[in-house]
Every structure is written in structure tokens, then in C-alpha cells.
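Have a look at the structure below before the remarks.
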């Protein structure tokens, strides 16, 4: 059988007895001077014929691509990571609902050296860009400080840089953790932190130290260790902390993955959670409540942050705002991995 020819805008114009210009204005919502009767006739014809306008043609006319980029720092299995997965899912859901497609890119050294982060805009591949996993080493982001391109950092920020961002309040998270553990009666408290080149890591630590100081508790260097934001790193760090201080009664981990690793190491060393050592995480990732024991953690609204970041990026794209600097509140989720010290 001969292949059926697709319905074109000319077919819509002919069947609705309207000009090509009129049909184009109706389809692009620029029909302010067109009579309601004509507009209705065109739209009914579109429905009857099953016409689908070309996104490429619409984008060229509006000087938009209808696509947003998610740029993730080069990390091992980044797209399989639960943390990044939550943010990416939220961004995709909001973008899809707004009629945008998502392009995933990895900011590996060659990508940056060839200035492809700028080419995404200059060749009109995308209308806006969301940067995930940002660290102070990502100097390429300075190329976006002039605000000529719609770029937004998700759940982090760069101190001293004029870059749009939406993030959780990690300073508040640290303070809440310190207040909670000290209220339980803990005094010998350890911290498993993440990479210091991540600004929110510093925020969490500073909030935690300020909260401990307010409770009359110190955090000496030997009670801190780098857990590398991984389960393996959290396990190694917890073992180091226990070896350095046998009287340790509580640990705050900078994310849930490190907290889960810490609980595993504590058990392997013959200690109990929380009877001997309480463990507190940060993020409240899916699965935290199904740990053994269920993990007490600071809830950071990652999905909401991802959706809000996408929403504010579209506001930048459409010229509704010039800058975005937003911080979302966090909250304590008490489960069974924490208890008063013996």
C-alpha cells in the first residue's frame, strides 16, 4: 500500500478556509487580532485532521529549541546514583509537563576544554542548563556569570560567584543534627563529612559545629573523617573514628549513603546501633527507612528542589526573572538508628 502522506499546515489552511498566516498565528498563540469564530474553525480543523505542528519549525520561529540540558560532573556511575536520580527525575517530570525535552551531558574535561558547555547555547541545542554535582573545581561555570545564558546550579552554589541556584539549607541541617544529638545526651560525637570542595559540605559542617558549640560540645579534628559520599567511604571513616576514640557515642554522616556504610562498619566491629553508637544521616533518600535499623536523618526535599530548579530555570529562559537564589528548608526525621547514650 502507498505510504500515507503526513498532514501539513497547508492542509489545515485549505480545510479551514484560512490563510497560512492565520493558521500559523493561531498555532503559535499569536492570534489576538483574529476573530474567535476563525480561531475556533482553525482549531477544530487541526483536531479533525490530527495535525501535529513541527517542534523544530515552532522553535525556529520563537528562537527556542524546546530543550533543556542537565550537565552532571564526571563521576563514577553518576546517572545510576540515587541522589542524582532523584533530582534528574524531578527535573524531567517538570520539564515534560511544561513541554520541554531533556538532554543529559557529562562535564568531562574534554567536553569543557572544547567549550561545548557554551556550544549548547550558541548552536541553539538548548534554551537552558541545569548543573548538578557542582564543586569549586568547576571553573567553567564562570563563563555563565554574565547572565546572558539561562543556567542554574541545582542543590549547591559557588561562594563568590554570581550564578543562579536552588538548594537545600545544609547549614540548618547541621544545626538541627547538633541540637538533636546533644538533646539526647551525646557529648562524644563524630562527623563523617563529604568532599570539602562541595560548598554545601562546608555549610553542613559549619552549622553542625555552631550547634555543638551552643551546647557546650567541641568537635576536635580526630572526631572527623572524610567518607567520600559513598557507602564504602562511610564504612572506612566510621572504623577510623571508632579506632581513634573508643568512647564515641554518636556519628553524623553528611549523607545517607555514608550513614548506611557507617552502620555496617559499626556492626562489623561488634558494636550495636543505636545501643552503643547512634548514627544520623542527611538526605532521607528512598530506602533510608528500610535500613536495619531504620535511619534517623535530616530530610532534604531533593525532589521538590529539582522541580523548583526546573521551574525557576524556565522563568529565566522566558525572561520573567533575572536572577535566582533560593534555599529550601530541611527537617528532622527520627527513626530507630539514634537513642540516648548508655
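Since every read-out is calculated from the coordinates, none of them should be taken as a lab result. Computed from a predicted structure; not experimentally measured. Glycine also receives a Cβ, built like all others from the backbone with ideal geometry; neighbour counts cover every protein chain displayed.
Summary of computed values
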read-out: FRET E, pair residue 210, residue 125, Förster distance 35 Å, beta-carbon r, rounded to 0.05; value: 0.20
read-out: Additional length obtainable on full extension of the chain from residue 336 to residue 19, 0.36 nm per residue less Cα span; value: 107.2 nm
read-out: Helical contribution to [θ] at 222 nm, DSSP H n ≥ 4, -39,500 (n - 2.57), averaged over the chain, rounded to 500; value: -12500 deg cm²/dmol
read-out: Alpha-carbon Rg/Rh ratio, for the chain, with Rh computed the Kirkwood way; value: 1.14
read-out: Label-zone membership for the range 176-212, site residue 218, 7 angstrom Cα→C-beta point, backbone N under 17 Å; value: 187-191, 209-212
read-out: Taking 296, 327, 200 and counting other C-beta atoms within 10 Å, the order from fewest to most; value: 327, 200, 296
read-out: Nearest-0.05 FRET efficiency for residue 327 and residue 146, computed from C-beta distance (R0 25 Å); value: 0.60
read-out: For the range 170-300: rounded, prolate or oblate by the Cα gyration tensor [a/c cutoff 1.5]; value: rounded
read-out: Cβ-based exposure ranking for 67, 310, 168, in which fewest neighbours within 10 Å come first; value: 67, 168, 310
read-out: Counting DSSP beta bridges with both ends in the chain, the antiparallel % (nearest 5); value: 10 percent
read-out: Taking 92, 193, 124 and counting other C-beta atoms within 10 Å, the order from fewest to most; value: 124, 92, 193
read-out: Label-to-label distance, nm, for residues given as residue 105 and residue 271 (7 Å Cα→Cβ offset); value: 4.5 nm
read-out: Largest-first principal axis extents, alpha carbons of the range 104-210, Å; value: 59, 24, 23
read-out: Shape metrics for the range 9-53, restricted to C-alpha atoms - Rg then Dmax, Å; value: 9.1, 25
